[in-house]
Amino acid sequence: MPELAPTLAIIGGGQLARMMAQPAIALGLPLRLLAEAEGVSAAQVIPDHMVGDYRDLDTLRKVTDGCAVATFDHEHVPTQHLHALEDAGVAVRPGPDALVYAQDKGLMRQRLGELGVPCPRNALVSDPAEVEAFGFPCVLKTTRGGYDGKGVWVVRSRDDTAEPFRVAAEAGVRILAEELVDFRRELSALVVRSPSGQAAAYPVVQTTQLDGICHEVIAPAPDLSEELAGQAQQLALRVAGELGVTGVLAVELFETASDSGGDGRILVNELAMRPHNTGHWTQDGAVTSQFENHLRAVMDLPLGSPAPRARWSVMVNILGSADTEVGRLYDGYPHALARDPHLRVHLYGKALRPGRKVGHVNTYGEDLDDCLERARHAAAWFRGDLGNESE
């Protein structure tokens, strides 16, 4: 069979890889997947896949053999392995010299500091005494391996530091201390950049977290001044350019309150160099989704428009709660879709379990309160929080 387009390898079989599959079909772009186990989210929809350990170089060589480009569902592939793939002629995007700043929070803070990017006060710490010298209360983070609230602790005394240092020692990583920012809200600036330097910026969004996991996104962020929104977009574009990012970059931000009542400040909280939860609204609310633009960027194709399709878009994650009973999410469709024919539902092919991210819903329209009500109701229905009530 003739090769109709270059093949893209995706490392990691989670829902982000799964959601790259649909735009890849439309683009006629063949995908090859390295999944961590049979039947994981992306392996259900990408036929050309193999199961293996992303930490094994031979496995990475095998899955990328014959592929023009490799990209990622997560940021945990060892940096030295990515350099080895580049040496073998695979275009790794984002490249290891950029990705390391999303893999290691200590290196990220150091580099952003060198660039003059506004960040919370921070320092690498080696023991509880150094944390005490840094000042309580503060936030402690493992420099590598943390995600969705894991590897992050708010500490208010020396007694609180025992667990972070135990976890870090077991994982062989360091601890980063950061000031506990008194922020007004959390924002996210999502941009995409191609190897040839073309870049695009999505509207800045407001995010809310639940137990350290992104719960809800409003696009664009309500009551955000054009000036501050522009600053956030320009900051994200600058970081993408300075770090040499290829593909999607999500810059998670704190917005602080202003003492004078005007605009506050923005501080960089985290970086993610892949499609991101705060960009899921773009699947239905933007002209070109973050997933399609990520594919376009890593393949060095012209980028699509990031413009919103409606005045407001809302994304709410479907998360299992402690009271959630395991069930089939599919059974939620009759009520949710009949109640709201404009609702867009994205399920990840995962069983519903407490604390697990298993899907999300998107709504869009001209009235924010209406969009919020529809999205929250649908997500709660799929979670099982609304019982069997009828409308």
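Things to note:
- When residues of the range 325-357 are limited to those that are modelled with pLDDT under 95 and of a type in the set (A, V, I, L, M), the one surrounded by the most Cβ atoms within 10 Å (Cβ to Cβ): 352
- Check on residue 196, small (Gly, Ala, Ser), part of a loop (DSSP other than H, G, I, E, B), in the same structural domain as residue 315 (by TED's automatic domain parsing) and in contact (Cβ under 8 Å) with a residue 40 or more places away in the chain: yes
Here is a yes/no grid of residues against (1) assigned to a loop (DSSP other than H, G, I, E, B); (2) in contact with a helix residue (DSSP H, G or I) (Cβ under 8 Å, 6 or more places away or on another chain); (3) surrounded by fewer than 20 Cβ atoms within 10 Å (Cβ to Cβ); (4) aromatic (Phe, Trp, Tyr):
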site: 18; (1), (2), (3), (4): no, yes, no, no
site: 39; (1), (2), (3), (4): yes, no, yes, no
site: 58; (1), (2), (3), (4): no, no, yes, no
site: 63; (1), (2), (3), (4): no, no, no, no
site: 71; (1), (2), (3), (4): no, yes, no, no
site: 76; (1), (2), (3), (4): yes, yes, yes, no
site: 119; (1), (2), (3), (4): yes, yes, yes, no
site: 124; (1), (2), (3), (4): no, yes, yes, no
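- Residue 182 being within 24 Å of the chain's Cα centre (by Cα) and not aliphatic (A, V, I, L, M): yes
- The residues on offer are 79, 71, and the sole one that is within 16 Å of the chain's Cα centre (by Cα) and not assigned by TED's automatic domain parsing to the domain that holds residue 174 is 71.
- Evaluating residue 53 against the criteria (1) within 23 Å of residue 349 (Cβ to Cβ); (2) crowded, with 19+ Cβ neighbours inside 10 Å; (3) free of Cβ contacts under 8 Å to residues at least 60 places away in the same chain leaves one unmet condition, (2).
Yes/no per residue for (1) touching a Leu at 6+ places or on another chain (Cβ under 8 Å); (2) of a type in the set (Lys, Arg); (3) surrounded by 23 or more Cβ atoms within 10 Å (Cβ to Cβ); (4) part of a loop (DSSP other than H, G, I, E, B):
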position: 217; (1), (2), (3), (4): no, no, yes, no
position: 267; (1), (2), (3), (4): yes, no, no, no
position: 271; (1), (2), (3), (4): yes, no, yes, no
position: 303; (1), (2), (3), (4): no, no, no, yes
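- Test for residue 356: is it closer than 20 Å to residue 219 by Cα and basic (Lys, Arg): no
The values are calculated or read from the model by the stated rules, or taken from the named source; none is laboratory data. Everything numeric here is computed off the predicted structure, so don't read it as measured data. So basically every Cβ, Gly included, is an ideal-geometry build from the backbone, and we count neighbours across all protein chains shown.
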